[in-house]
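Since the structure comes first, as C-alpha cells, the remarks are kept for the end.
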Amino acid sequence: MAMSPLRRQILALLHPYRGLFLFALLQVGLIAAAELLKPWPLKVIIDHVLGDKPLTWPVVAGWSRETLLLATCLSLVTIYLVLGVLTLVNNYTTIRIGQSMVNDLRAALYNHLQRLSLAFHNRRETGDLLYRVTADTYSIQTLAMNGIFSILTALVLLVGMAVVMFQLDWLLTLIALGVCPLLFLTISMMSAHINRAATLAHERESAIYSLVQQGMSAIRVIQAFTKEEEEHRRFVAASQESLLASLRLYNLQSLYAGVVNAVIALGTALVVWVGARHAMAGTLSVGDLVVFTAYLASLYGPINIISQTLGQIEGGKAGFRRVQEILAVERDLVDGTRVLPEKSVRGEVVFENVSFGYDPDQPVLRGMNLHVRPGQTVAVVGPSGAGKSTLVSLLPRFYDPQQGRVLLDGMDVREMTLVSLRQQIAMVLQPPLIFPITIRENIAYGRPGASFAEVERAAQLARIHEKILRLPQGYDAVIGAQGTTLSEGERQRMTIARAILRDAPLLILDEPTSSVDAETEALIMQGFEELMVGRTTFIIAHRLSTIRKADVILVVRGGQIVEQGAFAELMQRQGAFAALYQTQFSDVPEQRSAMG
Ligand code: ATP
C-alpha cells in the first residue's frame with residue numbers, strides 16, 4: 001500500500017527518535033500485560049478464597065485460604081505498582097519524543113520562513129505565520145505520539161483482552177465485540193465534520209494572532225488617532241468568531257463522545273444480561289463473570305480512547321497541514337550557483353530593460369535602463385511612490401524583475417548565490433531596525449567578527465559614538481532593556497554604523513539621514529564620503545547637498561528613469577530635474593525637501 005505524504009512526513013520527523021520510540025513500544029506491551037492481569041486477583045478471591053472451586057496450580061496446592069488471600073492481595077498491589085511505574089516512564093518517553101519532534105518541526109519551519117522571499121512575506125500575515133510556528137507545530141505531537149500511542153496501547157490491550165475473553169466465554173465475547181463495527185461507523189461518519197470544524201477553529205485562532213500583531217506594531221498610530229475603542233471592537237469581534245468556532249468544535253466532540261458512550265452502554269447491558277444467565281446456568285464461574293465485566297469496562301475504554309483520539313487526530317491533521325503548506329512553498333527566488341569571493345566585485349551595475357511589479361499585473365518599474373560605473377555615487381530622486389526603493393531592492397535580489405536583467409560586473413545577479421551576492425552589499429534601509437541585543441552586537445550585525453575598535457570607529461563615523469558613551473552600560477547596553485531606547489534619528493545612525501562596519505563594495509542607502517538634523521546630517525555625510533570612495537553607492541536622497549555631489553542623478557517618475565546625468569548637466573538641460581529643482585530645492589537649499 002502506498003504511504004500517504006502525511007504519513008511519510010510524520011515518519012521522517014520520527015526517524016531521529018526511532019530508538020526511544022521502540023523503547024516506548026516495549027513499554028506499551030508491558031503496560032498491556034499488566035492491565036490484563038488486573039482483574040485476576042479478584043477472580044481468585046471470589047472463586048477460590050470465598051467460593052469452593054479448588055485451585056489446580058501445583059505451587060499453591062497446599063496453601064490455606066488466609067495465605068492465598070494474603071498472596072492475592074500482595075500480587076494486586078504489585079500489579080498496580082508496576083503499572084504505575086510503567087505508565088510514568090511511558091508518559092515521560094512519549095512526551096519527550098513528541099516535544100522533540102515539535103522543536104524540530106518549529107526549527108525547520110522558522111528556517112524555511114527566514115529564507116522565503118520578501119514577495120512571499122508581503123503576501124502573508126505575520127500573525128498567521130506566528131501561529132503556524134508556535135501553535136500549529138504542536139500537531140506533530142498529537143499525530144505521532146498522543147495519537148499513535150493512545151491508539152496503539154488501546155489496540156494491544158484490545159487484542160489481549162479479546163484473546164482472554166474468548167477462552168472464558170466465546171458467545172459473550174462475540175456480543176461484546178459486535179458493538180465495535182457500530183462504533184467505528186459512528187466514528188467515521190463524524191470525523192469529517194470534526195475535521196472541518198477543527199480547521200475553521202485553527203483559522204479563527206490564527207486571525208487573532210494577526211490582529212494582535214498588527215495592533216501592537218501600529219500602537220502609536222492607534223493611540224495617536226484614539227482608535228483604541230475601534231481596535232477593541234475589532235478584537236472582540238474576532239475573538240467572538242474564534243470562540244464560536246471553538247465551541248462548535250467542542251460541541252461536535254462532545255456529541256461524538258456522547259454517541260460513542262451510548263453505543264458502549266448498549267453493549268455493556270447486553271453482555272451483563274447474557275453473562276449473568278450463563279453464570280446462573282453454571283457455564284461461567286462468578287469469578288470469570290467478574291473478570292469479564294472488568295475487561296468489558298476496560299475493553300470499551302480503549303475503543304472510546306481510539307474514537308476520541310481519532311477526533312483529536314483530525315484536529316492535529318489540520319494543524320500539521322498548515323505547517324506543511326508553508327514548508328511546501330518552493331523558494332521563488334531560485335538560488336544561483338556562482339560563488340563570489342567576499343569583497344570581490346568592482347561594482348559595475350547595469351539595469352537592462354528592467355520591468356517589475358509586486359503584483360505582476362501592476363508594473364512599478366517599467367523598462368529601466370541604467371549603467372553605473374564602478375565607484376560611482378548614484379543619487380535616486382523623484383516623487384513619493386515613484387519606485388525609488390523598489391529600484392534599489394532589485395540589486396540584492398529582494399525581488400527579481402519580471403522582464404530584463406540586473407547585472408553586477410557584467411553578470412546577471414540571478415547567477416550568483418544569494419549569500420555571496422548580498423555579502424557584497426551594505427544597506428541602510430527604512431525604517432531603521434534595531435534588534436533587542438547589545439549596541440555592540442547591533443552594529444556588528446553584518447560583521448560579527450569585528451573588533452571593538454572597529455565597532456567604535458564605525459559608531460564615530462555615524463556620529464553615534466558620543467550618545468552610546470552617555471548610556472550607563474555604553475556599548476553593552478541592550479536596546480529595549482532597562483529603558484534603553486533610541487530616538488528615530490539615533491536608530492538611523494545605528495544602522496549607518498552597521499553599514500559602515502559591513503565594509504562592502506556596494507552601498508545602498510535608502511534615505512539614510514531622513515531623521516537627523518541638518519548639522520548631524522552634514523557630519524554623517526562627511527563620514528559617508530570617506531566610505532563611498534571606491535564603492536558604488538546608490539543613495540535615495542532628499543537633500544540638495546547630497547544630490548549635488550553625486551556622480552549621477554537618476555530622476556525616477558512613474559516607474560521610469562526620466563532623466564539621468566550629473567548635477568550641472570541636468571541643470572543645463574532644463575528638463576525634469578531642473579523643474580524639480582525649481583519647485584523642491586531652490587527655496588530651502590539645505591532643508592529636508594518634500595520630494596519624497
Ligand atoms: P518613497 O519616496 O515614498 O519611499 P518610492 O519612490 O521609494 O517612494 P517605492 O517604495 O519603490 O516608492 O514604491 C513604488 C510603488 O510600489 C508604490 O506605488 C508602492 O505602493 C508599491 N509598493 C512598494 N512596496 C510594496 C510592497 N512591498 N508590496 C506591494 N506594493 C509595494
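The values are calculated or read from the model by the stated rules, or taken from the named source; none is laboratory data. All of these numbers come straight from a predicted model, not from anything done at the bench. Don't worry about glycine lacking a Cβ; one is built from the backbone with ideal geometry, like all the others, and counts go over all protein chains shown.
Would you call Arg557 surrounded by 15 or more Cβ atoms within 10 Å (Cβ to Cβ), away from the ligand (no atom under 16 Å from the Cβ) and modelled with pLDDT of 80 or more?
Judged against the criteria, Arg557 is not a match.
When only residues in segment 400-437 that are assigned to a loop (DSSP other than H, G, I, E, B) and buried (at least 16 other Cβ atoms within 10 Å of the Cβ) count, which is nearest to the chain's Cα centre (by Cα)?
The selected residue is Ile434.
For segment 37-79, give me the residue count where each residue is assigned to a helix (DSSP H, G or I), of a type in the set (Gly, Ala, Ser) and within 19 Å of Val286 (Cβ to Cβ).
0
Would you be able to tell me the number of residues in segment 364-381 that are among the charged types (D, E, K, R) and away from the ligand (no atom under 16 Å from the Cβ)?
The total comes to 1.
Which of the following residues is crowded, with 20+ Cβ neighbours inside 10 Å, out of contact with any Leu (no Cβ under 9 Å at 6 or more places or on another chain) and within 30 Å of Ser344 (Cβ to Cβ): Ala541, Ala566, Ala550?
Ala550
Would you please list the contacts, defined by Cβ atoms under 7 Å and residues six or more apart or on different chains, that run from a residue in segment 382-403 that is more than 6 Å from the ligand (Cβ to nearest atom) to a residue that is of a type in the set (Phe, Trp, Tyr)?
Every condition considered, the pairs that remain are Val392/Phe538; Ser393/Tyr399; Leu394/Phe356; Tyr399/Phe356; Pro401/Phe356; Gln402/Phe356.
If I filter segment 503-524 for residues that are of a type outside the set (Ser, Thr, Tyr), without any contact (Cβ under 8 Å) to a residue 12 or more places away in the chain and in the same structural domain as Ala458 (by TED's automatic domain parsing), do I get at least one hit?
Yes.
Is it the case, given these coordinates, that Leu81 is touching a helix residue (DSSP H, G or I) at 6+ places or on another chain (Cβ under 8 Å) and more than 16 Å from the ligand (Cβ to nearest atom)?
Against the criterion (touching a helix residue (DSSP H, G or I) at 6+ places or on another chain (Cβ under 8 Å) and more than 16 Å from the ligand (Cβ to nearest atom)), Leu81 does not qualify.
Spot the failing condition for Arg322; the list is (1) among the charged types (D, E, K, R); (2) within 16 Å of the ligand (Cβ to nearest atom); (3) touching a His at 6+ places or on another chain (Cβ under 9 Å), and only one is missed.
Every listed condition holds for Arg322 apart from (2).
Given (1) touching a Lys or Arg at 6+ places or on another chain (Cβ under 7 Å); (2) at negative phi, where does Arg463 come up short, assuming only one miss?
Against the list (1) touching a Lys or Arg at 6+ places or on another chain (Cβ under 7 Å); (2) at negative phi, Arg463 comes up short only on (2).
Pull out all pairs, ordered by first then second residue, where Cβ-Cβ is under 8 Å, the residues are six or more apart or on different chains, the first lies in segment 245-270 and is assigned to a helix (DSSP H, G or I), and the second is surrounded by 12 or more Cβ atoms within 10 Å (Cβ to Cβ) and basic (Lys, Arg).
Ala245/Arg204; Ser246/Arg204
Hey, can you tell me all the residues within segment 118-139 that are of a type in the set (Ser, Thr, Tyr) and surrounded by 18 or more Cβ atoms within 10 Å (Cβ to Cβ)?
Residues satisfying the conditions are Tyr131, Thr137, Tyr138, Ser139.
Is there any pair linking a residue in segment 18-46 that is not assigned by TED's automatic domain parsing to the domain that holds Met101 to one that is surrounded by 19 or more Cβ atoms within 10 Å (Cβ to Cβ) and acidic (Asp, Glu), with Cβ under 6 Å and at least six apart or on different chains, and which?
The qualifying pairs do not exist here.
Pick from segment 335-363 the residues that are within 14 Å of Gly404 (Cα to Cα) and of a type in the set (Val, Ile, Thr): which of them is nearest to the ligand (Cβ to nearest atom)?
Looking at residues that are within 14 Å of Gly404 (Cα to Cα) and of a type in the set (Val, Ile, Thr), I get Val354.
Determine, yes or no, whether Arg397 is of a type in the set (Lys, Arg), surrounded by fewer than 16 Cβ atoms within 10 Å (Cβ to Cβ) and over 30 Å from Ala154 (Cα atoms).
In short, no.
Does segment 320-357 hold any residues that are buried (at least 18 other Cβ atoms within 10 Å of the Cβ), without any contact (Cβ under 8 Å) to a residue 60 or more places away in the chain and more than 33 Å from the chain's Cα centre (by Cα), and which are they?
Selection gives Phe351, Val354.
Identify all residues within segment 466-502 that are without any contact (Cβ under 8 Å) to a residue 12 or more places away in the chain and on the phi > 0 side of the Ramachandran plot; write none if there are none.
Gln482, Gly483, listed by residue number.
So, of the residues in segment 453-512 that are hydroxyl-bearing (Ser, Thr, Tyr) and touching a strand residue (DSSP E or B) at 6+ places or on another chain (Cβ under 8 Å), which turns out to be farthest from Leu433 (Cα to Cα)?
Restricting to residues being hydroxyl-bearing (Ser, Thr, Tyr) and touching a strand residue (DSSP E or B) at 6+ places or on another chain (Cβ under 8 Å), the top hit is Tyr475.
Counting only residues that are closer than 20 Å to Thr377 by Cα and hydrophobic (A, V, I, L, M, F, W, C), give me the helices (runs of 4 or more DSSP H) lying completely in segment 459-566 with at least 2 of them.
Output list reads 488-502, 518-532, 544-549.
Please tell me if Leu116 is at pLDDT 85 or above and within 16 Å of the ligand (Cβ to nearest atom).
Yes.
What are the pairs, 6+ residues apart or on separate chains, where a residue within segment 120-146 that is more than 30 Å from Leu22 (Cβ to Cβ) and in a helix (DSSP H, G or I) has its Cβ under 9 Å from a residue that is modelled with pLDDT of 90 or more and among the polar types (S, T, N, Q)?
none
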